[in-house]
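Report on the following structure.
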Amino acid sequence: MPTTNDTRVVSYSPLIAPEDLLAELPMGPERTALVEEARTEVKRVLDADDDRLVVIVGPCSVHDPVSALDYARRLKAYMPAVDDALCVVMRVYFEKPRTTLGWKGLINDPGLNDSFDVHRGLRTARKLLLDIGSLGVPCGTEFLDPITPQYIADAVSWGAIGARTTESQVHRQLSSGLSMPVGFKNGTDGDVQVAVDACSAAGASHTFFGVDPNGYGAVVNTSGNPDCHVILRGGRSGPNFDVDSVNTALEVIGNAGLPRRLMIDASHANSGKDHRRQPGVAETIGAQIAAGQNDIVGVMLESFLVEGNQKLADPTDLTYGQSITDKCMSWEVTESVLADLAESVRTRRKLAD
Ligand SMILES: O=C[C@H](O)[C@H](O)COP(=O)(O)O
Ligand SMILES: C=C(OP(=O)(O)O)C(=O)O
């Protein structure tokens, strides 16, 4: 029989129910306490109840859980040196929004070879979040697919919506129901208004379609997420981490009736995707903080064990600890950037005393 339905769908295959994966890889009380505490700490910084700086730091993407866990161990060992000034959350990104085509992240293709074993991807991602949580390191991630959060969000302390999806109603609705603070990137063209609009939209309650913990299609009703903020990441119009851009963005945020606060991404269009420029960007942000700028509440850094990036060709022949997406700072450089940011916060604190 001719049909007008699914003419371009090649196949469907069943997907594990979220509650089954959660039962297979449970959070347990200690990791739950860590996530609750980290979410509260981030919220306190966003609300200016804590004068520290949230720092989201880690690889552009996770492609190998072993090297990501290795990175988490180094971060954990370093955290005591800065935790009086920085509220550190590791970037643990499993979903990559692509400009056109490319590897879409560990959940979509954990084999890095177009085999798209999404069940292995979901298991590996959740297991890694649990392993990093067991070290006592809070995790942050980008939410891209609207169904994925059901499988991992309970282990996530901070969430991001990327520049390519900030304007999407689907992602704003999703964020309205997420249990953690969420940052919205400005658009790829540099438009900050879309991120401000996203915070307003996500702050409201919504009714939309999703899946429930059993994996059934469901009508989802949310209460709204008041813990959203803008992330300045630069754009085609240029970088936006300088004093003027920050002040302009804060004005737009204030005009929308939102709390005057923002995070700055030292990577992406703010560094021209050149990891060697991230320390300079962080230094400029640090100078604003040290001069008393209280509305910068967070910084994002792309960092891995080995600097730069590598092409994904043969997945069995990759440099350990080096990004297969955007270029990252090395761990050694990251340590000094974190130390400098912490010093800027301490200076700001002294000014306020
Ligand atoms: O952070 C990662 C990338 O900047 C983003 O996913 C877009 O990547 P692409 O332009 O290489 O597709
Ligand atoms: C994709 C990312 O950034 P952006 O959305 O700013 O391009 C990212 O932070 O990984």
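The values are calculated or read from the model by the stated rules, or taken from the named source; none is laboratory data. This structure is a prediction, so every number in the text was calculated from the model and none was measured. Neighbour counts are summed over all protein chains in view; Cβ atoms, including those assigned to glycine, are modelled from backbone coordinates with ideal geometry. For the accessible areas, the whole protein counts, side chains as well, though only heavy atoms, and no ligand, DNA or RNA atoms are used. Shrake-Rupley method; radii C 1.70, N 1.55, O 1.52, S 1.80 Å.
Accessible surface computed residue by residue for the chain, with neighbouring protein chains in place and a 1.4 Å probe, gives 44 Å² per residue. Counted by Cβ distance under 9 Å from R261, the other residues give a net charge of -1, where Lys and Arg count +1 and Asp and Glu count -1. Computed from the Cβ-Cβ distance with R0 of 35 Å, the FRET efficiency linking S237 to N214 stands at 0.20. Per-atom-type breakdown for the chain gives carbon and sulfur 51% of the accessible area (1.4 Å probe, protein chains only). In summary, the aspartates and glutamates within cross-link reach of K43, defined as a Cα separation below 13 angstrom excluding same-chain residues under 8 places away, comprise D51, D227. If I take R0 = 41 Å and measure r between the Cβ atoms of T4 and N113 in this structure, what FRET efficiency does the formula 1/(1 + (r/R0)^6) give, to the nearest 0.05? About 0.75, to the nearest 0.05.
One equal scatterer on each Cα of the chain, no solvent, Debye formula: the resulting log10 I(q)/I(0) at q = 0.08, 0.10, 0.11 Å⁻¹ is -0.36, -0.57, -0.69.
Of the trypsin sites (Lys or Arg not before Pro) found in segment 71-128, the ones in coil according to DSSP and having at most 15 other Cβ atoms within 10 Å of their Cβ are R98. The magnitude of the dipole of segment 159-231, with charges of +1 and -1 set on the Cβ of Lys/Arg and Asp/Glu and taken from the Cα centre, is near 100 debye. By the Cβ distance rule (another cysteine Cβ under 4.7 Å), the unpaired cysteines of the chain are C60, C87, C139, C328.
Only Lys, Arg, Asp and Glu carry charge here, each on its Cβ (+1 for the first two, -1 for the last two); on that basis the chain has a dipole of about 300 debye about its Cα centre.
Under conditions of 25 °C and 0.890 mPa s, segment 61-163 yields 174 µm² s⁻¹ as its translational diffusion coefficient, taking Rh as the Kirkwood radius over Cα pairs in the Stokes-Einstein equation.
Per the Cα gyration tensor, segment 221-353 maps to an equivalent ellipsoid with semi-axes of 29, 19, 14 Å, ordered largest to smallest. For a modelled paramagnetic label at E19, 7 Å from Cα along Cα-to-Cβ, the residues of segment 207-240 in reach, with backbone nitrogen under 13 Å, are 212-217. Where only DSSP H runs of four or more residues are counted, the chain gives -11500 deg cm²/dmol as its mean residue ellipticity at 222 nm, each run worth -39500 (n - 2.57). Extending 7 Å from the Cα toward the beta-carbon at both A339 and N294 defines two label points whose distance is 3.0 nm. Write out the trypsin sites (Lys or Arg not before Pro) in segment 223-307 meeting two conditions: DSSP loop, and at most 12 other Cβ atoms within 10 Å of their Cβ. The qualifying sites are R236.
Only lysines eight or more places from K311 in sequence, or on another chain, were considered; those with a Cα closer than 17 Å are K96, K104, K273, K327. Of the residues S271, A290, F304, the one whose Cα sits farthest toward the positive end of the charge dipole of segment 266-314, with +1 on the Cβ of Lys and Arg and -1 on the Cβ of Asp and Glu, is S271. Report the antiparallel proportion of the DSSP beta bridges in the chain as a percent, rounded to a multiple of 5. Bridges in the chain are about 20 percent antiparallel.
Only one residue of T165, V42, M180 has its Cα farthest out toward the positive end of the dipole of the chain, where Lys and Arg carry +1 and Asp and Glu -1 on Cβ, and that residue is T165.
Can you tell me how segment 1-76 classifies by the Cα gyration tensor, rounded, prolate or oblate, using a/c under 1.5 as the rounded cut? In terms of gyration-tensor shape, prolate. Based on the reciprocal of the average 1/r between different C-alpha atoms, the Kirkwood radius for segment 253-298 equals 11.5 Å.
Label reach from L312 (point 7 Å along Cα→C-beta): in segment 126-142, amide nitrogens under 20 Å belong to 126-129, 140-142.
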